[in-house]
1. With the structure loaded, tell me whether SER70 is under 13 Å from the mean Cα position of the chain (by Cα) and over 24 Å from PRO43 (Cα atoms) or whether it fails that test.
2. Taking ARG103, is it charged (D, E, K, R) and in a loop (DSSP other than H, G, I, E, B)?
3. Restricting attention to region 27-60, report how many residues are of a type in the set (S, T, N, Q) and surrounded by fewer than 18 Cβ atoms within 10 Å (Cβ to Cβ).
4. Would you say VAL91 is within 17 Å of the chain's Cα centre (by Cα) and in a strand (DSSP E or B)?
5. Just a yes or no: is a residue in region 96-107 in contact with a helix residue (DSSP H, G or I) (Cβ under 8 Å, 6 or more places away or on another chain), among the aliphatic types (A, V, I, L, M) and farther than 23 Å from MET5 by Cβ?
6. Can you name the number of the only condition in (1) at pLDDT below 95; (2) in contact with a Phe, Trp or Tyr (Cβ under 7 Å, 6 or more places away or on another chain) that GLN112 fails?
7. For PHE118, state whether it is surrounded by fewer than 21 Cβ atoms within 10 Å (Cβ to Cβ), among the aromatic types (Phe, Trp, Tyr) and without any contact (Cβ under 8 Å) to a residue 40 or more places away in the chain.
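The values are calculated or read from the model by the stated rules, or taken from the named source; none is laboratory data. In this text the structure is predicted, and so the values were computed from the model without any measurement. Counting neighbours? That spans all protein chains shown, and the Cβs are built from the backbone with ideal geometry, glycine included.
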Amino acid sequence: MPSAMRRMIDDRSSGDLRASIGTDWRVVTDTVMGGVSSGSLVPTDVAGRSCLRLSGDVSLENNGGFVQASLDLSLAGALDARDFQGIELDVYGNRERYNLHLRTLDTRIVWQSFRASFIAEPCWQTVRLPFSEFRPYRIDRPLDLQTLRRLGVVAIGRTMQADLCIARIVLYQEA
């Protein structure tokens, strides 16, 4: 396997909600728009690894439907990811489908994002999401890798029990 160049976003070494890049994780639910989903985000250990655990109930009532762990990617406003191919996550889940949402300086309305999905198995696994797999959602511009400002790990779009642990997130580039 070829070696890869990586840029750490979060390795969960802080033990709290602070990411390796210096910004803080936060939980966001559809209650900001009148929904009734509930969620929490807590630092913990799962199967021998330090992680953040996103858990909650996703409900479609009142036009709702999401629970999200959100992280700003730069203290300066935007992260330039043009030298990388995608995002790699170490996750432990509950066999549900989750999304990774990216926001750029072009995503000005809260529901706009670039989205890719993955299944989180009930064991530690590394998921690679190439930037080429991210699809625009309610925005007609291409993904601008020079202006990434936020990522969100999201349980969305259907009634479900969210239970996802995140141990590591990096930008990657195959050598």
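1. Numbers: under 13 Å from the mean Cα position of the chain (by Cα): yes; over 24 Å from PRO43 (Cα atoms): no.
The answer is no for SER70.
2. Numbers: charged (D, E, K, R): yes; in a loop (DSSP other than H, G, I, E, B): no.
The answer is no for ARG103.
3. Within region 27-60, the subset of a type in the set (S, T, N, Q) is 29, 31, 37-38, 40, 44, 50, 55, 59.
Next cut, surrounded by fewer than 18 Cβ atoms within 10 Å (Cβ to Cβ) only: 31, 38, 40, 44, 50.
Result for region 27-60: 5.
4. Details: within 17 Å of the chain's Cα centre (by Cα): yes; in a strand (DSSP E or B): yes.
So VAL91 fits the description; yes.
5. Step one: of region 96-107, the residues in contact with a helix residue (DSSP H, G or I) (Cβ under 8 Å, 6 or more places away or on another chain) are 104-106.
Retained after the next criterion (residues that are among the aliphatic types (A, V, I, L, M)): 105.
Right, trim to farther than 23 Å from MET5 by Cβ and you get 105.
Yes, region 96-107 has at least one match.
6. The number of the failed condition is (1).
7. Against the criterion (surrounded by fewer than 21 Cβ atoms within 10 Å (Cβ to Cβ), among the aromatic types (Phe, Trp, Tyr) and without any contact (Cβ under 8 Å) to a residue 40 or more places away in the chain), PHE118 qualifies.
To keep it simple, each residue is scored yes or no on (1) over 23 Å from ARG128 (Cα atoms); (2) at pLDDT 95 or above; (3) among the basic types (Lys, Arg).
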residue: MET5; (1), (2), (3): no, no, no
residue: ILE9; (1), (2), (3): no, yes, no
residue: ARG12; (1), (2), (3): no, yes, yes
residue: ILE21; (1), (2), (3): no, yes, no
residue: TRP25; (1), (2), (3): no, yes, no
residue: MET33; (1), (2), (3): yes, no, no
